[in-house]
Amino acid sequence: MPKPFAPLATVSIALALLVSGCSAATDGTENEPQESATAKLEQLKSEGKVPASFTAEPLDLRVEIDGDEFGISWKGQPLTEDCAPGKGLTNSTVSLLMLQDVGIEDVQQCGNVWQATQADGSYIAWNAAP
């Protein structure tokens, strides 16, 4: 009795892809954006632009730096050091990280950094445009 060709072909193609490295297995590049963002955040901390007390393990961290401006987006704990309600216009760098078509809430000034909450519960932080 002949075997169906389609299942055999599917299995052999999948096996070939697995062997050639085109599988869903990770090669380490998956974490590179997070590692790059962490390195940028550490740079901002070491330069004194972001409080050293910035949350130790932010989730979904994204950091953009453009000259003297920076923007940070993350999930986790907000900044708490020297924070007080404030009004601050976002800079163009953090605008790249914001949720589209949704406003921000609870704007606070934390030293030289402003932070706000987004609709999904994530936070953004930015510095004043020079």
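Table for the structure above
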| quantity | calculated |
| --- | --- |
| Portion, in percent, of the accessible area of region 35-119 that falls on carbon or sulfur, probe 1.4 Å | 47 percent |
| Theoretical gain in end-to-end length, residue 120 to residue 60 [0.36 nm per residue, Cα-Cα removed] | 20.4 nm |
| Residues with amide H under 5 Å from that of residue 50, placed H, sequence gap 5 or more | 45 |
| Burial ranking of peptide ranges 47-58, 88-99 (average Cβ count within 10 Å, highest at the top) | 88-99, 47-58 |
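The values are calculated or read from the model by the stated rules, or taken from the named source; none is laboratory data. Predicted model, so just to flag it, every value in this text is computed and none were measured. Ideal geometry is used to build each Cβ from the backbone, glycine not excepted, and the neighbour counts take in all protein chains shown. Each accessible area value is taken on the protein alone, full model and side chains, heavy atoms only, with ligands, DNA and RNA left out. Shrake-Rupley method; radii C 1.70, N 1.55, O 1.52, S 1.80 Å.
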